[in-house]
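A.B. asks: My questions will all concern the structure given below.
The values are calculated or read from the model by the stated rules, or taken from the named source; none is laboratory data. All figures in this text were calculated on a predicted structure; none of them were measured in a lab. Only protein heavy atoms, including side chains, enter the accessible area calculation; ligands, DNA and RNA are left aside. Shrake-Rupley method; radii C 1.70, N 1.55, O 1.52, S 1.80 Å.
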Amino acid sequence: MKVPRDRDASFDPIIVTKRHNMLEGIEKVVISLYSRGMSTTDIENQILDIYDIKISPTAISRITDAVNQDIVAWQNRPLEPIYLVVWMDGIVFKVREGSKVVNKTIYLAIGLRPDGHREIMGLWLGKNESASFWL
């Protein structure tokens, strides 16, 4: 595609805005697909099929690495010194490991802050439905 040029720089591209190299919102799509467990190749093929855009696996990895950095920062954030109530629960999911389907449990702790807001204190992955390791 040839980009129109003009001397007074009045041309404004619509699909990909000036000084941007990707469609607006494509990063959200990549993160959404990645969070559903798709591989970089699967994401690349899905975006090509739906949006007719070629995005490299390197670009997809760059986008998902930024999310991983945010996750690490969230995990290492300081917690409030006091929680009025702490709820602990677990959610069991069936996950395919190799050729077998096994149960995995995600344990979570939610705390009620003094200002009335709830905060997820943490998430932990376990192999069975017992939080004895955690307490």
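A.B. asks: Could you report the accessible area of Tyr83 in Å², rounded to 10, computed with a 1.4 Å probe on the protein chains as they sit in the structure?
C.D. replies: Approximately 40 Å² for this residue.
A.B. asks: For the pairs Lys54/Lys94; Lys18/Lys54; Lys2/Lys54, flag any whose C-alpha to C-alpha distance is greater than 27 Å.
C.D. replies: Lys54/Lys94
A.B. asks: Heavy atoms only, probe 1.4 angstrom, no DNA, RNA or ligands counted: give me Lys28, Lys104, Lys18 ranked by accessible area, highest first.
C.D. replies: Lys28, Lys18, Lys104
A.B. asks: Sequence-distant or interchain residues sharing an amide H contact under 5 Å with Gly122, placed H: which?
C.D. replies: Long-range HN contacts for Gly122: Ala109.
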